[in-house]
Amino acid sequence: MKRDIQSREDISKLIHTFYDEVREDDLLGPIFNSMIKDWDTHLELLTDFWETNLFFVKKYTGNPLAAHVRADKFHNHTINEFHFGTWLNLWFKNIDALFEGENAQLAKNRARNMSTFMNIEIFKNRPKK
């Protein structure tokens, strides 16, 4: 039986395992690897983000929407629902492989909501043709 996500260490394990796969993914890897130069710092930032989102510990103070809009611009406005779907499927796969329980489900639900919001907002922030 797997245990639930209970600590920052659990989140860090999830983040590191998940982004190891993202970096190797044929669709997502080129996007992430071209944008992120310091993976150690980025993984800590993402751990802060998810710790804040799951446990309401005020660690993350960034702006993920602005970061995603910048990434879309950097990639000539080509990030789309397939990227978000692939990201979400990998996220669910990694959570299911490592954890189960209320917080694991919450991490899935929040990721689903965020990915939908980010996808819509990226599209809305693109230059008008």
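The values are calculated or read from the model by the stated rules, or taken from the named source; none is laboratory data. Just so we're clear, the structure is a prediction, and the values are computed from it rather than from any experiment. Heads up, the Cβs are rebuilt from the backbone with ideal geometry, glycines too, and the neighbour counts pull from every protein chain shown.
Here is a list: Thr47, Thr78. Which entry is touching a helix residue (DSSP H, G or I) at 6+ places or on another chain (Cβ under 9 Å), modelled with pLDDT of 95 or more and under 16 Å from Asp10 (Cβ atoms)? First the steps, then the outcome.
Working: Thr78 fails: under 16 Å from Asp10 (Cβ atoms).
Step by step, each of Thr47, Thr78 is checked, and only Thr47 is touching a helix residue (DSSP H, G or I) at 6+ places or on another chain (Cβ under 9 Å), modelled with pLDDT of 95 or more and under 16 Å from Asp10 (Cβ atoms).
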Check: Name the pairs whose Cβ atoms lie under 7 Å apart, with the first residue in segment 34-56 and within 14 Å of His16 (Cβ to Cβ) and of a type in the set (Gly, Ala, Ser), the second assigned to a loop (DSSP other than H, G, I, E, B) and modelled with pLDDT of 95 or more, and 6 or more positions between them or separate chains?
Finding: none
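When the residues of segment 74-91 are narrowed to those that are of a type outside the set (A, V, I, L, M) and surrounded by 15 or more Cβ atoms within 10 Å (Cβ to Cβ), which ends up farthest from Gln6 (Cα to Cα)? Full working, then the answer.
First pass over segment 74-91, keeping only residues of a type outside the set (A, V, I, L, M): 74-78, 80-87, 89, 91.
Filter once more, so that each one left must be surrounded by 15 or more Cβ atoms within 10 Å (Cβ to Cβ): 83-84, 86-87, 91.
Details: His83: 29, Phe84: 26, Thr86: 26, Trp87: 23, Trp91: 17 Å.
Of everything passing the filter in segment 74-91, His83 is farthest from Gln6 (Cα to Cα).
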Note to self: Can you confirm whether Phe117 is of a type in the set (A, V, I, L, M, F, W, C), farther than 20 Å from Glu21 by Cβ, assigned to a helix (DSSP H, G or I) and under 13 Å from the mean Cα position of the chain (by Cα)?
What the structure shows: yes
Checklist line | Filter result for the condition that a residue is in contact with a helix residue (DSSP H, G or I) (Cβ under 9 Å, 6 or more places away or on another chain), part of a loop (DSSP other than H, G, I, E, B), charged (D, E, K, R) and under 27 Å from Asn125 (Cβ atoms), over Lys108, Lys59, Lys37, Lys2 | finding: Lys59
Checklist line | Members of segment 5-19 found to be surrounded by 13 or more Cβ atoms within 10 Å (Cβ to Cβ) and part of a helix (DSSP H, G or I), listed by number | finding: Arg8, Asp10, Ile11, Ser12, Lys13, Leu14, Ile15, His16, Thr17, Phe18, Tyr19
